[in-house]
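Any read-out appearing in this document is the output of simple, stated calculations on the displayed coordinates, not a laboratory observation. As the structure is a computational prediction, the values presented were derived from the model and not from experiment. FYI the Cβ positions are ideal-geometry reconstructions off the backbone, even for glycines, and counts take in every protein chain you see.
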Amino acid sequence: MRLSEDVEPGNAAGEDGEPTEEARPEAASDDTALLRRSLGLTVASAFVPGLGHLLSGKKRIGIALLACYAALLITALVAALTVSKRRWLELGFDKHALDLVIYGAAFLALAWPLIVLSTFLVSKPDRMSRVQRVISGAVVLVLCVLVAAPLARASQMAYVARHDVLGIFEGNEIKGDTNVSAKNPFEHKPRLNLLIIGGDAAGDRVGIRTDSIMVASVDTHTGRTVLISLPRNLNRAPFPAGTPMHSAYPNGFHCQPAINCYLNAVYEYGQEHSQMVGQLTKHPGAELLSQTVGEMLGMKIDYYILAEIFGFKNIVDALGGVTLRVKERIPVGGRTDAYGRIIEYPVRYIEPGLRHLNGEDALWYGRARFGSDDYQRMIRQRCLLGAIARQADPVRVLFSFNKIAKAAKKLVATDLPRALMPALLELASSAKSAKITGVSIDRSVFGGNNDDPSYGGIRREAQRIMRSETAAAAKPSSSPSSSSSGASAQSSSSPSAGSSSSHAATSPARDLFASGQCSYS
């Protein structure tokens, strides 16, 4: 008698002695249902850790995990409802808070996926076909990645903030009449004056020439900002009385050849002669430039921000570029000698029209001087900074945080204190929609002679601008495009590229965007 004849129907065995799928259709159906339930519980555990364990019969573990999850949710909810925006910003600049996020998020990025995996292991059926094992394994893997990725990202961003961003402000101290512990640190400080310096460390230069020098004076109550641009080639820059530089150069910073003592050479001089600054500082060149710019304009420079302009393009790229309406052809490259003769032609041009500029093009938009002059370039620089301030997208900043932070650490030097940053970010948030005006200190202001400019005229002009800004902030104009200052600085309308501009005629400072001087639409 054959062995197969002794086997009862429905119990036919396979080669390995186990019943075949055909022999146990009911068992296979039960296993499929168990697998579906297991995957459902696994998905649930990705959203509510512990729920899968509880419903799988692992009550003790499930209750413990659910209790931890509930405590975490309640803590987050209470924090969201009770912690102020200022406090969140303060925590973002607190080393201990960032350390907690780094290690806490890293722990959750490991623990949560393990909970998801554990849920599947305790609830899966004993028997699964090869196809079922592959599909269920892929589902569990995807769930683990989806749970871990945002937590790992949060840990990484906190690490970058802790070690890169905070490093920019390390050692900087509070200056002046600001109380960071007060609800409004600027309560007794109506304006904050920031010196913005663009440093050009070209390969054919020794050190850095600060070819972009601008003061951003911000109304600390409204965020309204005026940008005052200074020509880089002013000679005989003055220094405050009582400083070492004033003693060494009582008639202003001057030497032969004169180009070596222009305003844009003050920074490098300070870097090489730190003893002339009169105080210990991390960046003596920037501190020295702050002294002379403050003396020129008759205002106190509170803090400085120095950015190396060739790396500026990395920050613009990280922000996703910037959109501007280009009003004339902007050369990329090109050089002339001291007599205006062309040494090198531009390699290409940025054509007029509404353009979305990447970092490289934004750099040349703000830097190009071929076929134009310093005053036209100063206008473009103000437009560029204003457009970036208006267009910086929080979502883009979040997704490009690492790139921005690492670029900023390499390119930016400042004496802004870390403790003041939360208040400054709140101020920047209000300034995003506030009016931004711009003026250039031009030849009509200082008498037309760059080698011996009238600094008294510059100071009077700056003081008129500030008075007008204060009055305009107190009593806003009924027309958004109307003049916001009665000062007689350079007109906001840009001259055409290639023209030999005459700056004798002057007009008030205007809103950069409402006046039509700058546009990104």
Could you give the nm distance between label points at K183 and V131, where each point is 7 Å from its Cα heading toward the beta carbon?
-> 6.8 nm
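Taking 0.36 nm per intervening residue step and subtracting the Cα-Cα distance, what contour gain separates D30 from H273 on full extension? Before the final figure, lay out each step's value.
Numbers: separation 243, 0.36 × 243 = 87.48 nm, distance 8.40 nm.
Stretched out fully, the D30 to H273 stretch lengthens by 79.1 nm.
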Give the peptides 88-97, 418-427 in descending order of average Cβ contacts within 10 Å, highest first.
-> 418-427, 88-97
Whose amide H sits under 5 Å from the amide H of R325, counting only residues 5 or more places off or on another chain, with H placed in the peptide plane?
-> R355, S519, Y520, S521
Quickly rank 183-194, 240-251 as a protection proxy: mean count of other C-beta atoms within 10 Å, highest first.
-> 183-194, 240-251
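Taking the highest mean first, how do the peptides 402-414, 372-384 order by number of other beta carbon atoms within 10 angstrom per residue?
Highest mean packing first, the order is 372-384, 402-414.
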In sequence order, calculated HN-Hα J values of the range 302-309 (Karplus, 6.51, -1.76, 1.60; Hz; x Gly/Pro) | 7, 8, 10, 9, 10, 10, 6, 5
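Counting only other residues whose beta carbon sits under 14 Å from that of R369, what net charge do I get with K and R as +1, D and E as -1? Numbers along the way, then the final one.
Values: positive: R209, R232, R329, R335, R367, R377, R380; negative: D200, D211, E328, D337, E344, D373, D374.
Local net charge: 0.
Taking K and R as +1 and D and E as -1, what net charge do the other residues with C-beta under 15 Å from the C-beta of F399 add up to? Don't skip to the end; give the middle numbers.
Numbers: positive: R153, R396, K403, K406; negative: D317, D393.
Once positives and negatives cancel, what remains is +2.
Give me the net charge for the shell around L91: Cβ to Cβ below 15 angstrom, other residues only, Lys and Arg +1, Asp and Glu -1.
Taking every Cβ under 15 Å from that of L91, the sum is +2.
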Quickly work out the L114-to-R460 label distance, labels modelled 7 Å from Cα along the C-beta direction, and quote it in nm with one decimal.
-> 7.6 nm
